[in-house]
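Right, one structure below, let's go through it.
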Amino acid sequence: MDEIVESGWREFVTQEFGRLTALDGRDVAEMVIDEPNKHLWRVVDAAYDRLTCTECGNRLSRGPAGCTGCDLANGFRYVAVEIDRPGVPSGNEHALRVNISVVRRPAGISSREVLGRRLLLPYLLDGYLPTTRQAQAARALLNVGGTAEDLAEYLNLVWGDDRI
């Protein structure tokens, strides 16, 4: 999952700067988070990973719920640019982004929601996008006590094969 974000960072750095030292990488990360609305979400997420929250000491945006610095950074990440990958339905990249951000920072999110988003990731990466009805059915399954195995079975029924 982190590789999805890191590959976006590497592509951005190579295209814009070539090679960077660690110190230069930190400067570029600070530049990116100063203007998150001008960069792809993967680049913004990777930039946050390169910076430390002065309040909690975790990677910026990944600290516990209630950490002011991380909560603020986590909110700003959503102004970054989303562009759907070729060949995927419109909205797939947004769904991928939200699921990755929840799994990477589960603080304050119910364990059921984190589980559902984690299990959906392979399908999103393959280019699937659940309909509203499918997403609601998956959530309802978890809300009534469904297990990871139950959700995996449901997702495999909806989209076939065994990704999980």
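The values are calculated or read from the model by the stated rules, or taken from the named source; none is laboratory data. All of these numbers come straight from a predicted model, not from anything done at the bench. Here Cβ is always computed from backbone atoms with ideal geometry, including for glycine, and neighbour counts include all displayed protein chains. Ligands, DNA and RNA are excluded from the accessible area calculation, which covers all protein heavy atoms including side chains. Shrake-Rupley method; radii C 1.70, N 1.55, O 1.52, S 1.80 Å.
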Practice task
With only Lys, Arg, Asp and Glu charged, each at its Cβ (+1 for the first two, -1 for the last two), find how big the charge dipole of the chain is about the Cα centre; round to the nearest 20 debye.
Solution key: 260 debye
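What are the semi-axes of the equivalent ellipsoid of region 71-157, taken as the square roots of 5 times the eigenvalues of the Cα gyration tensor, listed largest first and rounded to whole Å?
Numbers: eigenvalues 96, 65, 18 Å².
Taking √(5λ) for each Cα gyration eigenvalue gives 22, 18, 9 Å.
What part of the accessible area of the chain, given as a whole %, is carbon or sulfur when the probe is 1.4 angstrom?
Details: 4730 of 8940 Å².
Ligands and nucleic acids excluded, carbon and sulfur reach 53 percent.
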Practice task
Determine the per residue accessible area of the chain with all protein chains present and a 1.4 angstrom probe, expressed in square angstrom.
Solution key: 54 Å²
Handout entry: ³J(HN,Hα), Karplus 6.51/-1.76/1.60, whole Hz, each residue of region 21-27, x for Gly, Pro
Key = 6, 4, 5, 4, x, 5, 4
Problem - Stretchable slack from residue 90 to residue 148, in nm (0.36 nm times residue separation minus alpha-carbon distance) - result: 18.2 nm
Practice task
Could you give me the percent of Cα pairs per 10 Å distance bin for the chain, shortest bin first, beginning at zero and ending with the bin that holds the maximum distance?
Solution key: 10, 36, 32, 18, 4, 0
Handout entry: Rough spin-label spacing in nm, given labels placed 7 Å along Cα→Cβ, for residue 27 and residue 135
Key = 4.1 nm
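Using a 10 Å cut-off on Cβ atoms, rank the peptides 39-49, 20-30 from the highest mean neighbour count down. Before the final figure, lay out each step's value.
Working: 39-49: 24.3, 20-30: 13.5.
Order by mean packing, descending: 39-49, 20-30.
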Problem - Selection from 74, 144, 128 lying farthest towards where the dipole of region 4-162 points positive, charges on Cβ - result: 144
Practice task
Give the Rg (one decimal place) followed by the Dmax (whole number) of region 32-127, computed from C-alpha coordinates and expressed in Å.
Solution key: 13.5, 41
Practice task
Report, by chain and number, residues whose modeled amide H sits under 5 Å from the one on residue 39, excluding near sequence neighbours (fewer than 5 apart, same chain).
Solution key: 81
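Which length gain, in nm to one decimal place, applies between residue 54 and residue 126 when the Cα-Cα distance is subtracted from 0.36 nm times their residue separation?
Values: separation 72, 0.36 × 72 = 25.92 nm, distance 3.70 nm.
Full-extension gain reported as 22.2 nm.
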Handout entry: Nonlocal amide H pairs with residue 52, under 5 Å, H built at 1.01 Å
Key = 60
Exercise for the section: With +1 on each Lys and Arg Cβ and -1 on each Asp and Glu Cβ, and nothing else charged, work out how big the dipole of region 42-117 is about its Cα centre, in Debye to the nearest 20. Expected result: 200 debye
